[in-house]
Amino acid sequence: MSAVLPPFHGPEETVGEPELLQLGPAEDEPCLRADAARNRARLLDAAARLIAEHGAAAVTMEAVAAAADVGKGTVFRRFGDRTGLLTALLDHSERKFQAAFLSGPPPLGPGAPPVERLRAFGVALLRRSVDELDLQLAAEPDADRRFVVPARRVLHGHLAMLLRQAAPEADAELLAHTLMGYLNPVLIHHLTRQCGLPQARLEAGWNDLVDRVTGG
């Protein structure tokens with residue numbers, strides 16, 4: 001006879017709606033000195049231009065410094081390393097997405113049944129990832145950080161919360177990791193660019209997965 005799995009109380013478990021978090025450091029940009037804020041915006045603009053013109057692979061600390069006409073040390077002091085720079089570029093997009101599913105209109109935001117919110121969450125994240133794929137791939141954390149960065153924990157916590165509502169008998173924390181795997185930018189890259197699958201098929205597959213997991 002199979003034993004019932006005990007509750008999983010890991011560091012990623014979230015009670016209720018997760019709070020809005022940002023990807024990068026917890027500094028509040030409006031509190032930066034005016035010149036520091038201008039330098040940060042200038043560097044991010046330069047990095048965004050490089051991505052638009054040459055792809056994310058062209059974004060190096062040296063290239064951004066040259067495009068912004070500042071010393072390389074300025075870029076390192078502002079962002080730490082290349083991953084930090086790319087993370088800062090994703091930060092604005094991440095804030096908008098978190099605000100949409102935490103407090104925006106249903107079905108992505110509160111007010112819709114949990115299964116509908118699960119479907120809307122995956123479709124919205126798939127579309128965002130396809131639109132930003134090069135940038136998301138370049139900013140993908142290494143194995144030691146991938147599952148503990150704040151933004152990832154918010155997404156996982158939100159999925160786990162909806163799964164607890166939609167499928168109370170499931171191990172929501174572990175199942176949320178499984179669903180997050182479907183939405184991983186590396187897999188999306190493989191399926192869309194290497195296998196040529198249309199985005200609509202990925203979205204339909206997500207909805208089918210949600211229905212199978214929740215019995216919807």
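The values are calculated or read from the model by the stated rules, or taken from the named source; none is laboratory data. Not measured: the values here are computed from a predicted model. Virtual Cβ from ideal backbone geometry, glycine too; neighbours counted across all protein chains shown. All accessible areas refer to the heavy atoms of the entire protein, side chains included, with ligands and DNA or RNA removed. Shrake-Rupley method; radii C 1.70, N 1.55, O 1.52, S 1.80 Å.
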Quick one: putting +1 on the C-beta of Lys and Arg, -1 on the C-beta of Asp and Glu, what dipole do you get for the chain around its Cα centre, in Debye to the nearest 20?
380
Calc'd 3J(HN,Hα), the range 199-205, phi into Karplus 6.51 cos²θ - 1.76 cosθ + 1.60 (θ = phi - 60°), Hz, glycine/Pro = x, comes to 4, 4, 5, 5, 5, 5, x
Once you order the gyration tensor axes a ≥ b ≥ c over the Cα atoms, which shape class does the range 92-208 get: rounded for a/c under 1.5, otherwise prolate or oblate by comparing a/b with b/c?
rounded
With eigenvalues of the C-alpha gyration tensor scaled by 5 and rooted, the chain, Å
34, 19, 16
Averaged per residue, the 1.4 Å probe accessible area of the range 36-181, protein heavy atoms only, in Å², is roughly 45
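Carbon-plus-sulfur fraction of the accessible area of the chain, 1.4 Å probe, in percent? Kindly include the intermediate steps, with their values, before the conclusion.
Values: 6490 of 11450 Å².
Ligands and nucleic acids excluded, carbon and sulfur reach 57 percent.
DSSP loop GluC sites (Glu not before Pro) in the range 158-210 with at most 12 other Cβ atoms within 10 Å of their Cβ, which ones? Mind dumping the intermediate values first?
Numbers: sites: 169, 173, 203; in loops: 169.
Taking the range 158-210 and a limit of 12 other Cβ atoms within 10 Å, the loop GluC sites (Glu not before Pro) found are 169.
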Suppose every K and R has +1 on its Cβ and every D and E has -1 on its Cβ; what is the size of the dipole of the range 114-164 about the Cα centre, in Debye to the nearest 20?
340
